[in-house]
Amino acid sequence: EALTKELGFPATVLYIGLDKPSDTTVTAPTQTKSPKGMVYVQGGVVQIGSDDGHQHERPSFWAKIAPFYIDEHPVTVGEFRAFVEATNYKTEAEKFGNGGIIDESTQQQWILKDGANWHHPMGADFPDAPDNHPVTQVSWNDANAYAQWAGKRLPCEMEWEHAARNANNSRTFYPWGNDIQTGGKYNANIWQGKFPVKNFNEDGFFYTSPVGKFGKTPLGLTDMSGNVWEWQSNLKFNYEALFRVPVREGDISAERAQRGGSFLCEPTWCHGYRVSGRSSSTPETSLFHVGFRCVKDVK
């Protein structure tokens, strides 16, 4: 319990263990009408991670999650603008004067681009970010500030994966199934080709895409795979750390977890847009392929 609290798990995480809990029932509150723009996620038991995935996705374990609401899509540029205009908030990228991007000339090196921020994710010499795209170049600290203003919070990884598995422990690679394409059309905004050498752009978007462009999951969520990584509330941790005492050095990082993959992901480099995919960054970091969505407790 002390460890999960240190990691940043909310009270909605009712159980974590290697064994499936014998009691899988979760009492649902009577208030199930979702706030505007949010989807109700019924409580339940979910197997987190993948024993066939990357090292940081193993071992898989069980979690019991109470009901919650989750944003239908990542927070958009337009929604973030409303927050900035209401509060005069200044993001960390704006304070630092730069944000992280892949060098547009070489497509092979991360650089700090001067002038890159939430309204110009690639820098001032590139077009404005469209209002209906997910906001990027926001740090974990920025995302938390928005969530608090909106009366919400960031999800933890257990909640996020429960929602990505459609609140019924679906075991497919992606929230909609096992195939990245259906009828020759992509189900997510990802990298097509060999990263970082060549992007064939078969999905039509080199960078971010409008939220909802690639359809909804069975639960009614969009952009749970690809488009942008999403900040999570909890610290990055090794799954093994949950089941051994004492915790070893390196088991818990100062970085914050991310989920969902992005437009930079491709399987030979980063198959992070799978349901069990994971990433992380330091909480002050702002990147052009990282955004967030919020959750809200069911009272």
Exercise for the section: Report yes if residue 230 is at pLDDT 95 or above and assigned to a strand (DSSP E or B), otherwise no. Expected result: yes
Practice task
Please go through the range 266-290 and pick out each residue that is of a type in the set (A, V, I, L, M, F, W, C) and modelled with pLDDT under 95.
Solution key: 269, 270
Problem - Sole residue being under 23 Å from residue 253 (Cβ atoms) and of a type outside the set (S, T, N, Q), chosen from 37, 97, 17 - result: 17
Exercise for the section: Specify which of the listed residues (77, 84, 26) is within 21 Å of residue 223 (Cβ to Cβ) and not charged (D, E, K, R). Expected result: 77
Exercise for the section: Might you let me know whether the range 197-204 holds any residue that is more than 18 Å from residue 293 (Cα to Cα) and touching a residue at least 60 places away in the same chain (Cβ under 8 Å)? Expected result: yes
Exercise for the section: Could you look through the range 210-227, keep only residues that are assigned to a loop (DSSP other than H, G, I, E, B) and on the phi > 0 side of the Ramachandran plot, and pick out the one that is least open to solvent (accessible area, probe 1.4 Å)? Expected result: 227
Exercise for the section: Could you tell me whether any residue of the range 60-72 is touching a Pro at 6+ places or on another chain (Cβ under 7 Å) and without any contact (Cβ under 8 Å) to a residue 40 or more places away in the chain? Expected result: no
Fill in the blank from the handout: Of (1) under 16 Å from residue 293 (Cβ atoms); (2) open to solvent by less than 20 Å² (accessible area, probe 1.4 Å), residue 144 satisfies every one except (2)
Exercise for the section: Would you confirm whether any residue within the range 235-246 is in a loop (DSSP other than H, G, I, E, B), of a type in the set (Lys, Arg), open to solvent by 10 Å² or more (accessible area, probe 1.4 Å) and closer than 18 Å to residue 74 by Cβ? Expected result: no
Problem - Scope the range 246-290; condition touching an Asp or Glu at 6+ places or on another chain (Cβ under 7 Å), in contact (Cβ under 8 Å) with a residue 40 or more places away in the chain, under 28 Å from residue 124 (Cβ atoms) and of a type outside the set (Ser, Thr, Tyr); matching residues - result: 260, 284
Problem - Number of positions in the range 102-118 that are surrounded by 17 or more Cβ atoms within 10 Å (Cβ to Cβ) and not basic (Lys, Arg) - result: 4
Exercise for the section: Go through the range 1-20 and give me each residue that's part of a loop (DSSP other than H, G, I, E, B) and either in contact with a helix residue (DSSP H, G or I) (Cβ under 9 Å, 6 or more places away or on another chain) or modelled with pLDDT of 90 or more (or both). Expected result: 9, 10, 11, 12, 18, 19, 20
Exercise for the section: Name, by its number, the condition in (1) farther than 13 Å from residue 188 by Cβ; (2) out of contact with any Asp or Glu (no Cβ under 6 Å at 6 or more places or on another chain) that does not hold for residue 293. Expected result: (2)
Exercise for the section: State yes or no: is residue 159 over 30 Å from residue 48 (Cα atoms), in a helix (DSSP H, G or I) and either open to solvent by 50 Å² or more (accessible area, probe 1.4 Å) or of a type outside the set (A, V, I, L, M, F, W, C) (or both)? Expected result: no
Handout entry: Positions within the range 254-277 being open to solvent by less than 30 Å² (accessible area, probe 1.4 Å), part of a loop (DSSP other than H, G, I, E, B) and either closer than 29 Å to residue 40 by Cα or among the acidic types (Asp, Glu) (or both), in sequence order
Key = 260, 261, 262, 263, 265, 266, 272, 273, 274, 275, 276, 277
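The values are calculated or read from the model by the stated rules, or taken from the named source; none is laboratory data. All values reported here derive from a predicted model rather than from experimental measurement. Positions of Cβ are backbone-derived with ideal geometry, glycine not excepted, and every protein chain shown enters the neighbour counts. Keep in mind that these areas ignore ligands, DNA and RNA; they rest on the heavy atoms of the full protein, side chains included. Shrake-Rupley method; radii C 1.70, N 1.55, O 1.52, S 1.80 Å.
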